Each structure stands twice: as C-alpha cells, then as structure tokens.
1. Around Phe254, what is the net charge, scoring Lys/Arg as +1 and Asp/Glu as -1 over all other residues with Cβ under 12 Å from its Cβ?
2. Can you work out ³J(HN,Hα) from phi for every residue in region 195-208, in order, using Karplus 6.51 cos²θ - 1.76 cosθ + 1.60 and θ = phi - 60°, giving whole Hz and x for Gly and Pro?
3. Could the peptides 151-163, 250-262 be put in order, highest first, of the mean number of other beta-carbon atoms found within 10 Å of their residues?
4. Considering only the other residues whose Cβ falls under 13 Å of the Cβ of Glu182, what net charge follows from Lys and Arg at +1 and Asp and Glu at -1?
5. Convert each backbone phi in region 82-89 into a coupling constant with the Karplus relation 6.51 cos²θ - 1.76 cosθ + 1.60 (shift: θ = phi - 60°), then list the ³J(HN,Hα) values in order as whole Hz, x for Gly and Pro.
6. Tally Lys and Arg at +1 and Asp and Glu at -1 over the other residues with C-beta under 11 Å from the C-beta of Ile81: what net charge comes out?
7. Sorted by packing (mean other beta-carbon atoms within 10 Å per residue), highest first, where do 80-93, 169-182 land?
8. Please list 225-234, 212-221 highest first by mean number of surrounding beta-carbon atoms within 10 Å per residue.
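No lab work stands behind these numbers, since they all come straight from the coordinates. For clarity, every value in this text was computed on a predicted model and none was experimentally measured. All Cβ positions, glycine included, derive from the backbone under ideal geometry; neighbour counts span all protein chains shown.
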Amino acid sequence: KRIMKKIWMLFTLGAIASSPSLVKGGEVCYLPDKCETTICCPDNPTGYIFAYGGVSLEATNQFNRVGGTPGGETWTDEGYIYGGGAGIYSCLLGGTRFEIEGIYSELPYDRYSATGTVTFQQGAGAANTGQLFGDLTYTAVLINVLKEFDVPCTGIEFVDCVTEGSKVYFGGGFGLAFVEAEPVNPLGNANNATVQVDDMGLAYQLIVGVEKPVFDCVDLFAQYKLIGVGETEGTRGNNALAAIELEDFYTHNFVFGAKVNF
C-alpha cells in the first residue's frame with residue numbers, strides 16, 4: 001500500500017508539472033490552450049465567424065493634381081466602421097489565427113487647407129481654409145494573421161475569475177480597398193469646388209485585441225485597428241480631365257464585437 005501511495009503521489013506531481021500552468025502564491029493556476037484543451041464547444045473548434053462595429057477617429061487626406069502640383073489638405077470628423085468575416089485556428093507558433101475580413105467605414109468631411117488657387121479654394125485671393133461637406137468612404141477586403149496569447153494568472157482570485165479563458169492577440173493584414181471620396185466646398189468655383197474619387201487601392205491594417213468567452217461557443221472582443229489605404233485617383237470640379245491624386249491615408253479605429261466558434 002505504501003508503494004502504491006508513493007507511485008500515486010509521483011503520478012499526481014508529474015501531471016501537475018506537465019500541465020500548462022503558473023504557480024502564484026502556492027496555488028496552481030491552469031491556463032487554457034486551444035492547441036491542447038478548450039473552453040468552447042465543440043471539444044476542438046477549428047473555425048469561427050465574427051462581426052463588429054465601432055468608431056473611426058478623424059483622418060487627414062492630401063489631394064494633389066497629377067503631375068505633382070500641390071492640392072488641398074482635408075480633415076474629416078469622426079465616423080463609423082463595421083465589418084465581419086471568418087477565420088480558422090492553427091497551432092502554428094503556439095496559437096495562430098488566419099482570417100478573411102470585410103470592412104466598411106464612412107467619415108464626413110469637415111474642413112480643408114489649400115495653397116494658391118488650387119483644389120477647394122474659393123477663387124483667386126480668397127481664404128485658403130474653409131468648411132467642407134461630403135463623405136470619405138471605403139470598403140476593404142483583407143487577409144489577416146493573428147498571434148494569440150493566454151491572459152496569465154495573477155494569483156488574485158477576483159481578477160483571475162474575471163479574466164479566466166481570456167486571450168490577447170495582435171497581428172495585421174493586407175488586401176484591397178475601394179475608395180469613394182467627394183469633398184465639396186459649397187463656396188468654391190466650378191473648377192475647384194469638388195473632388196471625386198472612385199478608385200481601388202492597396203489596404204493594410206494592424207490589430208491589437210482582447211477577447212473573453214461569455215457563452216458556450218461565443219466570445220466578446222474589443223480591438224484597436226490602424227487601417228491604411230494606398231494612393232487612389234479621381235477628378236476635380238467640372239473638368240473631368242483634371243486628374244487628382246488622393247495620397248495614402250490611415251485611420252485609427254476602436255471596435256467591439258462577437259465571435260462564434262464552431
């Protein structure tokens with residue numbers, strides 16, 4: 001019997017030592033790992049779908065006439081963003097996710113600043129700053145790669161109960177965005193008052209997020225997204241041959257959403 005007890009003790013200690021865990025204050029805190037165990041259904045989820053919505057902070061746009069002549073610089077107000085997509089889990093690098101994501105964002109134009117008699121100006125000798133109307137919108141499709149980590153135990157019971165099963169992750173993606181921009185100066189002359197952009201550009205994003213399981217198979221998440229769009233082209237005013245370049249721009253975005261595992 002003594003031999004059996006010793007064998008059982010050794011087995012128990014070995015099982016604890018081989019488990020993914022941290023020891024805090026003499027207590028063993030077990031960390032879930034999708035590559036080994038899971039807190040979701042089914043026992044080993046392989047994929048998920050997600051959706052979110054949130055706010056986009058103001059963006060700055062620089063419009064130039066094709067050929068390098070400086071144009072007008074514009075600013076937007078805060079706007080909104082929403083999107084969704086699907087992904088798969090992988091044990092690559094200890095826990096990696098691959099996603100395809102669709103995004104739509106709209107930001108209203110607010111004001112402009114111009115130099116000389118260029119885009120948006122009200123006419124020779126007029127003020128080079130003023131109010132703009134219209135919207136900047138873009139629709140993007142991106143492929144993302146995200147690296148996730150378990151939230152470690154703190155040894156504080158309340159904190160560990162709140163964060164149990166939570167993940168933090170970061171990553172990014174690349175894709176394409178269709179941009180529609182039509183800033184309008186209501187006081188501008190016919191040649192300079194408006195710019196129209198309907199073009200495709202490269203898109204990228206950087207993501208930092210945290211998620212928490214709340215129901216069987218369902219996680220809630222919050223993300224910060226830095227989304228950038230490459231150079232696109234359009235026209236200005238009544239002259240469709242007056243080509244305009246919209247330089248690269250980026251937006252800061254904060255979103256909240258839900259993810260369903262399957």
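1. Surrounding charge for Phe254 is 0.
2. Coupling constants for region 195-208: 10, 10, 10, 9, 8, 9, x, 5, 9, 8, 8, 10, 10, 10 Hz.
3. My ranking of the peptides, most packed first, is 250-262, 151-163.
4. Around Glu182, the surrounding residues sum to -4.
5. With coefficients 6.51, -1.76 and 1.60, one gets 8, x, x, x, 9, x, 10, 8 Hz.
6. Summing Lys and Arg as +1 and Asp and Glu as -1 gives -1.
7. For the peptides 80-93, 169-182, the packing ranking is 169-182, 80-93.
8. Numbers: 225-234: 19.7, 212-221: 14.8.
Ranking, from highest mean packing down: 225-234, 212-221.
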